[in-house]
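The structure appears below as structure tokens.
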């Protein structure tokens, strides 16, 4: 074969190889470009999804922060109201201390913690707590005609009270509220001395924690039931005082405020504490199979 012809064949073959190589390279570049486009689209989709998730979480965090701030504001408002209430109660106690003699100024703050307002759907009166687990003594006539009984405690909580029983002769009723409380102790009424200073605590005309001071004017007075079981006192008793405690300077209950005669402010009567104990134990033994005081 002539040399020129051989060169032409080699040149033609090399040209064909170059053309094939260029075509293959173009195909590879096209495939690579297509794959890059797919990866870019996938990455862009993931970025979009991530942005949406992030924005959604930011929105949730913002809403949670707003809600938390609102709750904090509400709590601060409640705390403010509670502080105002305690401040008001503090002012009331200071007024009570200034309204009674030195014999009672140191005990009045402790005594009133065990005094409650008794409310029914037809009226109200006073009661006092005799056990730490919430047993309350009041006058039976305070509950007369009522179907719902509630007690308002020292902290201004209104609590539904359970009726345990009553002694109609002595006008004593026993109630129970849930919780733990300060209590008042009953003094032996055989130790009462005529002339000793006392205070009557109650809620006359709905005025909570009202205190009147006086002395024991007489003992073993005859009451409406014909029994010589009443203390006469010149401590002022008014409607709403019924069922409240008559307290000596030791902070102990010597009687339960029961009634007054006519319009005279110096003729108030309280059932002696030994009769209170007798009535409470009688009721609790019959209903609860135990004694309380």
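Any read-out appearing in this document is the output of simple, stated calculations on the displayed coordinates, not a laboratory observation. For clarity, every value in this text was computed on a predicted model and none was experimentally measured. No Cβ is skipped: glycine too gets one built from the backbone with ideal geometry, and neighbour counts run over all protein chains shown.
Relative contact order for segment 158-226 using alpha-carbon pairs under 8 Å, separation at least 6, rounded to a whole percent?
The normalised contact order for segment 158-226 reaches 22 percent.
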Check your understanding: When 230, 40 are ordered from fewest to most other Cβ atoms inside 10 Å of their Cβ, what list results?
Key -> 40, 230
Point to revise | Dmax and Rg, reported as Rg then Dmax, of segment 158-247 (C-alpha, Å) | key: 14.5, 39
Study note, to complete from the structure: Where a ≥ b ≥ c are root eigenvalues of the Cα gyration tensor, a/c under 1.5 meaning rounded, otherwise prolate if a/b exceeds b/c and oblate otherwise, segment 119-167 counts as oblate
**Study point:** Correct option for P(r) over Cα pairs in 10 Å bins from 0, in percent [calculated from the coordinates] among (i) 6, 21, 24, 21, 16, 9, 2, 0; (ii) 6, 23, 27, 18, 10, 5, 4, 3, 2, 1, 0; (iii) 6, 22, 22, 10, 5, 4, 4, 4, 4, 4, 4, 3, 3, 3, 1, 1
**Key:** (iii)
Practice item. Using only C-alpha positions, report the orientation-averaged shadow area of the convex hull of segment 189-288, nm², one decimal. Key: 6.8 nm²
Exercise for review: Please report the relative contact order for the chain, taking Cα pairs under 8 Å with a sequence separation of at least 6, and give it as a percent rounded to a whole number.
Suggested key: 14 percent
Exercise for review: Note the angle between two axes, namely the Cα long axis of helix 273-288 and the longest principal axis of the Cα atoms of the chain, as a number of degrees from 0 to 90, rounded to the nearest 10.
Suggested key: 50 degrees
Practice item. Mind sorting 50, 292 by how few other Cβ atoms lie within 10 Å of their own Cβ, fewest first? Key: 50, 292
Review point. With labels modelled as points extended 7 Å from the Cα through the Cβ direction, what inter-label distance (nm, one decimal) is found for residue 148 paired with residue 60?
Key: 4.4 nm
Study note, to complete from the structure: So the angle from the long Cα axis of helix 3-99 to the longest Cα principal axis of the chain, reported in degrees to the nearest 10, equals 10 degrees
